[in-house]
C-alpha cells in the first residue's frame, strides 16, 4: 500500500507552550524517526497531549521549531500538514456512513471517484469492516468505531499517524485485540506512528521507542527495555512499573560500575554508575530479585523478613521488610513465596549485579 | 400523581382558553349562516381566500429562509465567538424580547416609509429621485416579520451548536479539509436538527402573524390572520372566518406533527 520512504521524519527543537502562566510544555527537543512507533507516555497534565496537538497543528507552540522531512512546518496550519489523526472518542462524522467517513480525506484531496471507491474498499477490507459500509457511526460498537477512525486516518497515506489515547474507551479484551491490530497496521503501512497514552504497559508493548513526560518536560526517550531497565530518574523508574528502592552508602565508582554498602553489606553494580558518589538509591524491579537461603560471599544480597503475600496466579508478590526497615516487594514463583513465609520468615534477597541501578539520593 | 397535580392548572388553562373556544369556532364554521359544510366548499373556490393563502405561504417561506440564515450567523457568534462577541450577540438576541411587537412595527414604518429615514437619506445624497416603495407592501411585511422572528430562530440553533463535539471539527481539519469545506460538509449537516426546528418555529409563527403585516402591509398585503379578522369584525361573515381559522389550525397542527417526527422537543430550546 505504501512505500516505507513515504513515512515522515519529524524533528522538534526547543518546543515550548504556555497557556497564560501555565507552562504546558518546556523546551522539548525530540527526533521521531521514519516509520518509527513512538509512544508519548505520562500522567495527565504532563504535556504529552499538548505535544501531539502541536504535531497535528491544532496548537501553536509559543517557542521552538518543528521540522518534517527537513521542512519547517511550525507555522503550517493543520489542514495542510497531512497528518492522520485518531482522536480520543474517535470524532467520527456522525451524519456520514462508514464509507463516507473513510472517503472524506480522499474527497478533500479531489481524488477521482473510481480511485476513492477502490481505496475505501481496500481500507474497509484491511480493518475488517466489510458488511458495515453503509452504517452510521452510532450503529457501530466501540471497537468498530475505532476501526473506522483508524481507516479514515490511514486511507490518504499520511506521512505520520497521530493517536490520542485511542483505546481509553475500550474494555480490556478489546484493548488487547486493537493493540495487536494497530501493531499490524504499523508494520503494513510503514507509516510513522506517534501514540499518546498514560498506560505504561500499553506503551511498553507497542512502541519501538517511548518518550516519558512529566510536568511539561520530556524526561527520557528510549526503547521500551532501555527505559524500563535503565530509567534516567526516579519518576521514570516508578511510572514504568513497581520498583524497590534501597538506600546506599559509600558509593564508589569501579571499572565496570560501582561498589557500595547496602544495609552494611558490600554490593556491586554493573553498568550505569555515572556521576554518583557517596549516598545514592539502589533501584531494582521486583522480578529481578530472588529469595535465597543465604547469600554467597561476593553475591549481592541482604537479609529480610517476609511479612505478607499477594497471589497473582502465575506468580506471587511477596512483601518483605529488611533489617533496617526498608520495604521490598519481589515477584517469585508461588511455592517459593509459600516456603519463605512458612520457615520462620527470615530469608535473603539476592540480585544480579547488572539488574540494580543507581538513582541520585532524593532525586 | 404529584406531577399530574402540578400539570393540572396548565391543562385547565389550555382547555379553557384554547380548546373550548376553538370548539366554538369549529361550531360556527359548520352552522353559520346555515348548518352544513357550505363554508368549506366556498373556501375551496373563493379566489380571494386562495390568493391570501398563497401570499401567506410565500411570505412565511421567505421570512423563514432569511430568518434562519441570519439567526445561524448570529448563533455562531453567540456560541462560538470570543467572550466579548458572545456578550454583544446575547444582547442583540435578548433585547428585542423586551420591545413590543407594535413598537417595532411602527419603528419600521418610520424607517421605511416614503418620508422615512432611509428614503430621505437616499434622496439627500442624490442616490434616488423618487422614494422607494419599502413599506405598505410585501417587502415591508417581510422585513418586519424577519426582524421579529430572528431571536426565536436562534434557540434551536444554539442548542444544536452547543451539543456539537468540537473534536469532530478538528478531525475534519486534520484530514485536510479547509475551514469553508468543514463548515459546509461537517458543521452545517451536524446542526441539521437545529435548522429544522428553527425553520419550523419561524414558519409556523409566520403563518399566524397579524400585527406586523397589518401595519407594514398597509392593507395591501393581507395575510391569513388579517383576513380572518376582516371576515369576523368587518364583514359579517363569521362562518367563513371560522372556517379559515379551522383550516389554519389544522395546517399548523400537521406541520408540528411533522416537526416532531424529526426533532425531539428537547432540541428546540
Please verify whether the range A:62-81 includes one or more residues that are within 14 Å of another protein chain (Cβ to nearest Cβ), loosely packed, with under 14 Cβ neighbours inside 10 Å and outside any loop (DSSP other than H, G, I, E, B). yes
Considering residues of the range A:231-246 that are in a loop (DSSP other than H, G, I, E, B) and under 14 Å from the mean Cα position of the chain (by Cα) only, the residue modelled with the highest pLDDT: A:240
Yes/no for residue B:122 being within 30 Å of residue B:101 (Cα to Cα), surrounded by 14 or more Cβ atoms within 10 Å (Cβ to Cβ), modelled with pLDDT under 90 and away from every other protein chain (no Cβ under 14 Å): no
3 or more residues within 14 Å of chain A (Cβ to nearest Cβ) and within 30 Å of residue A:110 (Cα to Cα): qualifying helices (runs of 4 or more DSSP H) within the range B:167-251: B:179-182, B:192-207
Residue A:258 is checked against (1) modelled with pLDDT of 85 or more; (2) closer than 17 Å to residue A:230 by Cβ and fails just one. What number does that condition carry? (1)
Can you find, within the range A:82-92, the residue that is modelled with the highest pLDDT among those that are part of a loop (DSSP other than H, G, I, E, B) and more than 7 Å from every other protein chain (Cβ to nearest Cβ)? A:92
Would you be able to say whether some residue in the range B:133-149 is outside any helix (DSSP H, G or I), in contact with a helix residue (DSSP H, G or I) (Cβ under 7 Å, 6 or more places away or on another chain) and over 30 Å from residue B:192 (Cβ atoms)? yes
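Which one of these is out of contact with any strand residue (DSSP E or B) (no Cβ under 6 Å at 6 or more places or on another chain), farther than 20 Å from residue B:201 by Cβ and crowded, with 18+ Cβ neighbours inside 10 Å: B:20, B:28?
Only one candidate passes the filter, namely B:28.
Going by the structure shown, is residue A:283 at pLDDT 80 or above and under 24 Å from the mean Cα position of the chain (by Cα)?
Yes; evaluated as a whole, the condition is true for this residue.
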What are the residues in the range A:93-130 that are surrounded by 17 or more Cβ atoms within 10 Å (Cβ to Cβ), assigned to a helix (DSSP H, G or I) and either away from chain B (no Cβ under 12 Å) or in contact (Cβ under 8 Å) with a residue 60 or more places away in the chain (or both), if any? A:98, A:99, A:116, A:119, A:120, A:123, A:124, A:126
Would you call residue B:146 in contact (Cβ under 8 Å) with a residue 60 or more places away in the chain and away from every other protein chain (no Cβ under 14 Å)? yes
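The values are calculated or read from the model by the stated rules, or taken from the named source; none is laboratory data. Because the structure is predicted, anything quoted here is derived from the model rather than measured. Note: ideal-geometry Cβ built from the backbone for every residue, glycine included; neighbour counts use all protein chains shown.
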